[in-house]
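> Structure provided below as structure tokens; questions to follow.
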There are 2 protein chains.
Amino acid sequence: MKNIRIKDIAAKAKVSAGTVDRVLHDRGNVSEKVKERILKIIEEMNYEPNLMARALGTKKEYHFVALIGDPRYDAYWLDPKAGIQKAAKEARQYGVKVTLCMFNPYDATSFVKKAEEASKLNPDGILLAPMFYREVLPFFEAWKKQEIPFVLFNTQIAEFDPLSYIGQDSYQSGQVAGKLIHYGQPQGSSILIAHIDEEISNSAHLTKKEQGLRNYFIQNNLDHQYEIIKAELNLRNYAMFVEQLDSIFESNPQLQFCFVTTSKAFEIAKYFEQKFINHIRIVGYDLIPQNLHYLNKGAISFLINQNPLGQGYWGINQLVSHLVFKKEISAIKFLPLDIVTKENLNYYIEDSMLYNRF
Amino acid sequence: MKNIRIKDIAAKAKVSAGTVDRVLHDRGNVSEKVKERILKIIEEMNYEPNLMARALGTKKEYHFVALIGDPRYDAYWLDPKAGIQKAAKEARQYGVKVTLCMFNPYDATSFVKKAEEASKLNPDGILLAPMFYREVLPFFEAWKKQEIPFVLFNTQIAEFDPLSYIGQDSYQSGQVAGKLIHYGQPQGSSILIAHIDEEISNSAHLTKKEQGLRNYFIQNNLDHQYEIIKAELNLRNYAMFVEQLDSIFESNPQLQFCFVTTSKAFEIAKYFEQKFINHIRIVGYDLIPQNLHYLNKGAISFLINQNPLGQGYWGINQLVSHLVFKKEISAIKFLPLDIVTKENLNYYIEDSMLYNRF
DNA sequence: AAACACATTGTGTCCGCACACATTTTTTAT
DNA sequence: ATAAAAAATGTGTGCGGACACAATGTGTTT
């Protein structure tokens, strides 16, 4: 049994293909009676359009904008960028163009400026990492009014229903970190939670990671065995950063673990290296080169992979699926919480990430 | 600038589209001179065929056979089967049909019988899990003679170059297990390697996993701190299975870890449950329901995910990519060594993570 | 009843490619 | 030199869908 075509439906309904087409696209100019008959037949025959034929016939062009951090300020953004570009390349032959608007991830003003640029381009869809909560809200409203669908990634924001959110369950990643620490030291331990280099008030996901970790111990009735110390650190002033760490580790000699909620675990590793500290284990996020360096040296025990490349890729992919192929897409797409260590690292880098999962 | 079409190349080369087409498909009947000219232009203009138009235009039907284990004998095979079926469904509209041939994974004769069935169907391609090394070799030869391309998955066999191999690096997964054990007990420990329910002589991957584990400790100069005990166990006779375990744990009271190289970690967990043993940590393979039960209870610490669903999916996908879309495909596709624990489990089983492709 | 507006339905072409078939050019045989 | 065979090249159609446009049909106005 072959696939049902518009022709087949037209034949069964004793109308022409054009009429069926009008019904399919709800373009009107079809009598109620015929419309219902056709609709019923479509239902019965379980018609599914041939997406390739559809894409082939249409010459509509789609223009998407990706609003992401600029890798020149933070190398983390190399991966999302690469993922976006890969998706853009694949979608090019379907008439999709993607413009990158890259902001300074440390500067809200820059974000606003680039978001304005993005708006001015009047794209058919937007993919963005809404790093600055306060600043992004007015844009959400504007895009909604203009009916420009947008997909969020990297940072979850519940409000203002986007077309889709791609990212990780930050809370759950904190739980994973809890497990790794607990498994590494079942008798109990002293843990430093370090939020490095991101404004915590504007970054809900950092708090979620922290909560996930804390709740792991509470839920498992281990909270009296594990002491948790929290620190917000900033690298703008490196001397001060070191000073703060000095003070923390001097006053807490019993510390055995360090959980870094941002991609800056390597900074802690570097500090340990300089101070000849090697008894404190580090769990962090993101497979950026500096982190990998210390992962391979054994200074970092585990990294939780947020698959930034995949996030960028699937972000564009969602836009394409929805707008070009008019497929149903899921409103939220959690990527797996990959536990990465020196031994399985190879399979998480490169663009193998795109193929190896669905 | 739009995509280059055959027409564009034809115009530049001052020939007709038909001639370009002949060159593209190497169908001959083109003079050397013209062929080279066209080839050069194709190169220059960086032509990439429109795959949708290609798939649309051809009415050729493809018939693939998937030769896998029957889930009725071992629930492990549910996942590969599901992955294959998902890929088959997606590929259906390109004229692809997939027939499943499922053998009893504990019975080489059954494998041979089903492999013969598969051959008789004279398919355009075969995806198979070559579980029985000796028995599968003659089929490889036959298929090669018949020019039926085949893709291997699940079990790696180096010889008889298949179109592609999909699976895990078994050796490296042993290394991961080593890391998990070392991290959990840095001072050294006593480890049981359990090969359960598979004939080790016919399953090279079990040995590779073992080697990976052993070498982890050797490479890190820890081999004098970690004592490794090896056991080959069989579940045909459960009483004997228990007896063997009894004897092992009685004579090795210092055991702290158990590394199960097959998907039968839950059998060890069950045994521990019955014997009220809870100080020995288990690392195993495969997210099958029984394993997940004990993972959630905490009896199993980690499972290494072989992503069997993905293996099935990508196996069919490779055949489709190669034969239907005539894409270049990689000869080997290692899937990541996912470290799965209770806390990140959800993201490896939900099929909401089955990303849509376009 | 003719003229017209408007609602409804049908027809044809294009999208890019593959392949069958038609046509032209070149080579070979007589 | 000419016919026949072979090689090289060109042309046309269909795949399934989208959409512009053409062609009906229906009802209203004068």
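> Which numbered condition in (1) within 14 Å of chain B (Cβ to nearest Cβ); (2) within 16 Å of DNA strand D (Cβ to nearest atom); (3) surrounded by fewer than 19 Cβ atoms within 10 Å (Cβ to Cβ) is the only one that A:K97 fails?
(2)
> Do we have B:K264 as more than 14 Å from chain A (Cβ to nearest Cβ) and among the basic types (K, R) here?
For B:K264, the condition - more than 14 Å from chain A (Cβ to nearest Cβ) and among the basic types (K, R) - is met.
> Considering (1) away from DNA strand C (no atom under 12 Å from the Cβ); (2) within 14 Å of chain A (Cβ to nearest Cβ); (3) part of a loop (DSSP other than H, G, I, E, B), say which one B:Y47 fails and leave the rest.
(1)
> Further question: Return the residues of segment B:24-35 that are over 30 Å from B:Q93 (Cβ atoms) and either within 41 Å of the chain's Cα centre (by Cα) or of a type in the set (A, V, I, L, M) (or both); say none if nothing qualifies. Full working, then the answer.
To start, the set of residues in segment B:24-35 that are over 30 Å from B:Q93 (Cβ atoms) comprises B:28-35.
Selection gives B:G28, B:V30, B:V34, B:K35.
> Hey, another quick one. Note down all Cβ pairs under 7 Å where the first residue falls in segment B:105-130 and is within 19 Å of B:E61 (Cβ to Cβ), the second is assigned to a loop (DSSP other than H, G, I, E, B), and they're at least six residues apart or on different chains.
Partner pairs satisfying both residue conditions: B:P123/B:I148; B:G125/B:I148; B:G125/B:P149; B:I126/B:I148.
> Continuing with this model, one more query. It is to be established whether one or more residues within segment B:3-23 are among the hydrophobic types (A, V, I, L, M, F, W, C), modelled with pLDDT under 95, within 41 Å of the chain's Cα centre (by Cα) and in a loop (DSSP other than H, G, I, E, B).
yes
> Between B:F272, B:F276, which is out of contact with any helix residue (DSSP H, G or I) (no Cβ under 7 Å at 6 or more places or on another chain) and within 12 Å of B:L192 (Cβ to Cβ)? Step through it out loud before you land on a result.
Numbers: B:F276 fails: within 12 Å of B:L192 (Cβ to Cβ).
Within the list B:F272, B:F276, the selection yields B:F272.
> In this structure, is B:E232 closer than 18 Å to B:H195 by Cβ, assigned to a strand (DSSP E or B), at pLDDT below 95 and touching a strand residue (DSSP E or B) at 6+ places or on another chain (Cβ under 8 Å)? Lay out the reasoning, then the answer.
Numbers: closer than 18 Å to B:H195 by Cβ: yes; assigned to a strand (DSSP E or B): yes; at pLDDT below 95: yes; touching a strand residue (DSSP E or B) at 6+ places or on another chain (Cβ under 8 Å): yes.
Taking the combined requirement at face value, the residue satisfies it.
> When the residues of segment B:159-178 are narrowed to those that are of a type outside the set (D, E, K, R) and closer than 14 Å to B:L128 by Cα, which ends up surrounded by the fewest Cβ atoms within 10 Å (Cβ to Cβ)?
Checking each candidate, the answer is B:F160.
> Still on this structure, please answer the following. How about segment A:274-334: which strands (runs of 3 or more DSSP E) wholly inside it have at least 2 residues that are more than 10 Å from chain B (Cβ to nearest Cβ)? Even if it seems obvious, please write down each step before you answer.
Details: elements: A:281-285, A:300-305, A:332-334.
Once the strands (runs of 3 or more DSSP E) in segment A:274-334 are filtered for at least 2 residues that are more than 10 Å from chain B (Cβ to nearest Cβ), what remains is A:281-285, A:300-305.
> Still on this structure, I have one more. Applying the selection to segment A:28-44, what residues are more than 9 Å from DNA strand C (Cβ to nearest atom) and acidic (D, E)?
Listed by number, the residues that qualify are A:E36, A:E43, A:E44.
> State yes or no: is A:K342 at the interface with chain B (Cβ under 9 Å from one of its Cβ atoms) and free of Cβ contacts under 8 Å to residues at least 60 places away in the same chain?
Judged against the criteria, A:K342 is a match.
> Quick check: is even one residue across segment B:64-82 basic (K, R) and away from DNA strand C (no atom under 12 Å from the Cβ)?
Taking segment B:64-82 and keeping what is basic (K, R), we get B:72, B:81.
Checking the rest, the ones that are also away from DNA strand C (no atom under 12 Å from the Cβ) come to B:72, B:81.
Looking for residues that are basic (K, R) and away from DNA strand C (no atom under 12 Å from the Cβ), one finds at least one in segment B:64-82, hence yes.
> So, one more: From the residues in segment B:266-321 that are in contact (Cβ under 8 Å) with a residue 24 or more places away in the chain and of a type in the set (F, W, Y), which one is surrounded by the fewest Cβ atoms within 10 Å (Cβ to Cβ)?
Filtering segment B:266-321 for residues that are in contact (Cβ under 8 Å) with a residue 24 or more places away in the chain and of a type in the set (F, W, Y), the one surrounded by the fewest Cβ atoms within 10 Å (Cβ to Cβ) comes out as B:Y271.
> Hey, among the residues in segment A:15-27 that are near DNA strand C (Cβ under 7 Å from one of its atoms) and free of Cβ contacts under 8 Å to residues at least 12 places away in the same chain, which one's farthest from A:A53 (Cα to Cα)?
Looking at the filtered set, the residue picked out is A:S16.
The values are calculated or read from the model by the stated rules, or taken from the named source; none is laboratory data. Just so it is clear, the model here is predicted, and its values are computed rather than measured. Here the Cβ is made from the backbone with ideal geometry for all residues, glycine too, and neighbour counts use every protein chain on show.
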